[in-house]
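The values are calculated or read from the model by the stated rules, or taken from the named source; none is laboratory data. Everything quoted here is computed from the prediction, not taken from an experiment. Every residue, glycine among them, receives a Cβ derived from its backbone with ideal geometry; neighbour counts consider all protein chains shown. Side chains are part of the model used for accessible areas, which takes the heavy atoms of the whole protein and leaves out ligands, DNA and RNA. Shrake-Rupley method; radii C 1.70, N 1.55, O 1.52, S 1.80 Å.
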There are 4 protein chains.
Amino acid sequence: MASDEANSKAVDDAEQLVQSEDPQHPSNLICELCRKFYALGWVTGTGGGTSIRQHDHIFLAPSGVQKELMKPSDIFVMDFNTKEYLRKPSVLKPSACTPLFLAAFTRGAGCCIHTHSQWAVLVTLLVERDFGQSACFEIEEIEQIKGIGKGRGKVGNLGYHDRLRIPIIENTAFEEDLTESLEVATEKYPDTYAILVRRHGIYVWGDNVHKAKTQCESLDYIFQLAVEMKKLGLPWTTRASEISDI
Amino acid sequence: MASDEANSKAVDDAEQLVQSEDPQHPSNLICELCRKFYALGWVTGTGGGTSIRQHDHIFLAPSGVQKELMKPSDIFVMDFNTKEYLRKPSVLKPSACTPLFLAAFTRGAGCCIHTHSQWAVLVTLLVERDFGQSACFEIEEIEQIKGIGKGRGKVGNLGYHDRLRIPIIENTAFEEDLTESLEVATEKYPDTYAILVRRHGIYVWGDNVHKAKTQCESLDYIFQLAVEMKKLGLPWTTRASEISDI
Amino acid sequence: MASDEANSKAVDDAEQLVQSEDPQHPSNLICELCRKFYALGWVTGTGGGTSIRQHDHIFLAPSGVQKELMKPSDIFVMDFNTKEYLRKPSVLKPSACTPLFLAAFTRGAGCCIHTHSQWAVLVTLLVERDFGQSACFEIEEIEQIKGIGKGRGKVGNLGYHDRLRIPIIENTAFEEDLTESLEVATEKYPDTYAILVRRHGIYVWGDNVHKAKTQCESLDYIFQLAVEMKKLGLPWTTRASEISDI
Amino acid sequence: MASDEANSKAVDDAEQLVQSEDPQHPSNLICELCRKFYALGWVTGTGGGTSIRQHDHIFLAPSGVQKELMKPSDIFVMDFNTKEYLRKPSVLKPSACTPLFLAAFTRGAGCCIHTHSQWAVLVTLLVERDFGQSACFEIEEIEQIKGIGKGRGKVGNLGYHDRLRIPIIENTAFEEDLTESLEVATEKYPDTYAILVRRHGIYVWGDNVHKAKTQCESLDYIFQLAVEMKKLGLPWTTRASEISDI
């Protein structure tokens, strides 16, 4: 019976991790973000996902759910140090993106967003065709570039004359197998806040929810613009290409 | 008077088939889905439709109504075994899609969605022009393919390296006349959860509402991407074409 | 003072023409439709308009207002027989579309919608370039054609194998000057429920609100599809062109 | 303590500048407009901004916030004569667009809107490629042109046969550095209500909120149409080009 009581207390504690009246609580924020992302076409079907780190707690949207219908009770919570689940909804599966979200948190992120945005997918296809499989996406002299931070530990955002570079990694059969190449790419591009995944989508992170979300929006804006520029025969860069391997 | 009472009871019973406080009740779900589908451009005008099977009851959206304005009282209910209507709103016509929905339910579906999505229509036109009238739509190595199940009775979803094939049938003057060719196509492609109809739209089904809806979204995402790829001169398949007759 | 009382009663009567708790009342319907049309991009800026006939009362959206913010108190009411305003909001201007709406009502319509839809405008430009200024828009073998009625006094809708023809008239400096050519075009195409206006938009009507709105949606769907088909090099008609003057 | 009381009163006064139950109050209007502009894709990320002048008070959306989440308490208020802030939220930064908004107010505007609309950006790129860096955007014979005013102090709007000209200025590294060239362009085009900024977006103003917003919508409609026309090979002007330097 003591054991039953302890179990019951553990369940209560786990519930309190995700239930809050505060709209800024991570489990409420994840649900609100996912509804917004569904409207933007970023998490169609059950694709994409979002995770927030608050102190040592990682809040994760589950796998295989309709993102616009998510409730706080669907959220997984993991301990950042032990990587053990503090809360695991019994009927749901954890997201296959979890190791990729953890890689972003290890690099200092407070929030990480994964989308299947069609603009991101088309950009990876266009780069491959025009510059080769190992190239990254590059664009310059678009005002919205100023929506992207200079890099971890650096103050302020990119300038209008800075070239934006987003590395592209190759897709794999299983999402968790992207982790290693994501880490390699972020070592090669230490200032990046995003990794494109060929034929798949993008991972975008930021110091906090505000920065992750606005950087994800700014990048999606730039990818959409870049695709429209290609349709109209307009070049992405005006200076000589400096496309490099990753 | 006994007869009047019996009639009155029958009407009450029929009403109870579609009136429920439970948002998960099929007649509430159909109305909510149709509002969503209207916003997605799938049921413009009075096009498209949705049907849910619950045990031996088939719930059907009516013909000729504005789908975003539908109410539970507009829903038809049919007995799956006798194919007789248990509830038939007197001022409305049953959907011409009914025999196609029934064909899906006979194949084990729990929900079937019919859309007039423009991306689906454009894909059928592009396949006809590039591969001939008897070809099916084929694409591979797009992450969203993983949103589609492997097939009835099979566990899990398609993989990233699997080629997605959706058969295309020719349109007919009357929607109900599509039934036979839909059945032929599903015999030839026993694992498919969807049939494209040339110059018309698509039928998508799934074991339950969740699966039908997320598969329909995933396919629509893929069709939109495929149309954009064509505009940009990007091929749908990288390996040698294996286009086959249906 | 008797005159004051009479005036006050006249104002009260005029107010009652547009104030109703019934969501199906024309002044409530016009506001709801205009909000929907704004979301569809049909009445951007202050463009477009809508009018409903109920018995001998014509309800008209005013000129120059933000259509998504319209209130019943903004609505004009005209007597169909005398063409005199029964209600005229003092701070607003009547719509320049009024004579065109009246032309539709004279032809038996119960509701008429005018949009500046970009798909309609692009279709008029494409027809002019490819077929000449006097041609009408023609398309065939698209399922959504079945959303358009056969014509005034005829039972039922166009079939899948029927060719849809929408006459195009030339734009004029002043909207009211379109009336004569709209009437000429409807005499030449007596079965049409819509007139395209070159570089301007479209007028669509129907026997009632339901039919006008769903026909307008079906046509807009077809115009969008037609523009996308042009981008992809797909022809609008498969049989020999029968383009004719209007 | 007298000083504390004075401080406390000053804070109260500042709060009253932005807190009102009236939906037409500038601080409420700015928040409502920004939510609408977010839905239109005009203020993605934290881009774009809006400002309203009411008598001698200038109400300004802050820099770096998610525009769809803005609250009246986020609004800056400046005295138009002294250019000093009457209210300055301590945790927020004033918009870098402020000098550009002030330039519009100096020219008599009551409201000024800055968007990063992709259609505006694409139009500036297309003009540069086809007509050279110093050209302005020109289009004619599109009905929606009638949504734009003739110019400050002039009565009425442009006509269908008038050519719409929107000057384009070159982007700068810092937004405030656009002010001088904006002023030069408005001197050269004294009737314009808008200035395009190459690779950046647009500034649109009007005598009041209604006119600024509907002119911004009409222009965005025209830019989107112009981009689609380019994709379809349709020319923006039918008469001989009169493209001129600014």
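Quick notes on this one:
- Simple Cβ-charge dipole of the stretch D:97-246, Lys/Arg +1 and Asp/Glu -1, about Cα centre, in debye nearest 20: 340
- Rounded to 5, percent antiparallel among DSSP beta bridges of the stretch B:102-246: 90
- Listing of the stretch A:158-184 residues, each with accessible area lower by at least 40 Å² in the full protein assembly than in the chain alone (probe 1.4 Å): A:Y160, A:N171, A:A173
- Burial ranking of peptide ranges A:204-213, D:151-160 (average Cβ count within 10 Å, highest at the top): A:204-213, D:151-160
- Ranking D:C136, D:L196, D:N157 by Cα position along the charge dipole of the stretch D:118-234, where only Lys, Arg, Asp and Glu carry charges on their C-beta atoms, puts D:N157 farthest toward the positive end.
- Surface per residue (accessible, 1.4 Å probe) for the protein assembly as shown, Å²: 40
- Projecting the Cα atoms of B:N81, B:V11, B:L33 onto the dipole axis of chain B, where Lys and Arg carry +1 and Asp and Glu carry -1 at the beta carbon, places B:L33 farthest toward the positive end.
- Take the Cα of C:S63, step 7 Å toward its Cβ, do the same at B:D13, and the gap between the two points is 6.2 nm.
- Pairs exceeding a 29 Å alpha-carbon distance, out of B:K36/C:K154; C:K93/C:K230; B:K71/C:K146; A:K150/A:K230; C:K188/D:K211; B:K36/B:K93: B:K36/C:K154; C:K93/C:K230; C:K188/D:K211.
- Of the residues C:E21, C:E32, C:E217, the one that moves most in a GNM of chain C with alpha-carbon contacts below 10 Å is C:E21.
- Modelled spin-label separation between D:E180 and D:N208, with each label point placed 7 Å from Cα along the Cα-to-Cβ direction: 3.7 nm.
- Here the dipole of the stretch D:1-130 is about 480 debye; that uses its Cα centre as origin and unit charges on the Cβ of Lys and Arg (positive) and Asp and Glu (negative).
- Shielding by other protein chains, D:39-50, mean Cβ within 10 Å: 4
- Farthest towards the positive end of the charge dipole of chain A, among the residues A:Q118, A:P99, A:T238, is the Cα of A:T238, using unit charges on the Cβ of Lys, Arg, Asp and Glu.
- Calculated from backbone phi, Karplus (6.51, -1.76, 1.60) coupling profile of the stretch B:40-57 in Hz, x at Gly/Pro: 7, x, 8, 10, 4, x, 10, x, x, x, 8, 9, 10, 9, 10, 6, 9, 9
- In percent, rounded to a whole number, the relative contact order of chain C is 18, using alpha-carbon pairs under 8 Å and six or more apart.
- With contacts taken as Cα pairs under 8 Å at a separation of at least 6 residues, the stretch C:50-137 carries a relative contact order of 26 percent.
- Remark: spin-label model distance C:E21-B:S20 equals 3.2 nm, labels positioned 7 Å along the Cα→Cβ axis.
- √(5λ) per eigenvalue of the Cα gyration tensor, chain C, largest first, Å: 35, 17, 16
- Amide H contacts of D:N208 (H built 1.01 Å from N, under 5 Å, at least 5 apart or other chain): D:G110, D:C111
- For the chain pair B and A, the interface hides roughly 2300 square angstrom of accessible area in total, found with a 1.4 Å probe.
- Packing-based ranking of C:47-57, A:78-88 yields C:47-57, A:78-88, ordered from highest to lowest mean Cβ neighbour count within 10 Å.
- Calculated FRET efficiency for the pair B:T238/C:E170, C-beta based, R₀ 60 Å, to 0.05: 0.75
- Think of each Lys and Arg Cβ as +1 and each Asp and Glu Cβ as -1; about the Cα centre, that makes the dipole of the protein assembly as shown roughly 1400 debye.
- If you take the Cα centroid of the stretch C:179-237 and the Cα centroid of the stretch B:85-125, the two points sit 27 Å apart.
- Computed from the Cβ-Cβ distance with R0 of 35 Å, the FRET efficiency linking D:E84 to D:S134 stands at 0.40.
- The simple Förster model, with R0 at 60 Å and r as the Cβ-Cβ distance, assigns C:K93 and A:S3 a FRET efficiency of 0.15.
- Alpha-carbon centroids, the stretch B:20-70 and the stretch A:1-25: separation in whole Å: 38
- Three semi-axes of the equivalent ellipsoid, the stretch B:178-225, Cα gyration tensor, whole Å, largest first: 18, 14, 9
- Counting Cβ atoms of other protein chains within 10 Å of each Cβ in B:22-34 and taking the mean gives 0.
- In chain B, helices alone account for a calculated mean residue ellipticity at 222 nm of -11500 deg cm²/dmol, with every DSSP H run of four or more residues adding -39,500 (n - 2.57).
- Look at the stretch B:227-235: the mean tally of other chain Cβ atoms within 10 Å of its residues' Cβ atoms is 5.
- Of all DSSP beta bridges confined to the protein assembly as shown, the antiparallel ones make up roughly 95%.
- Percent carbon-and-sulfur accessible area, the stretch C:15-142, ignoring ligands, DNA and RNA, probe 1.4 Å: 50
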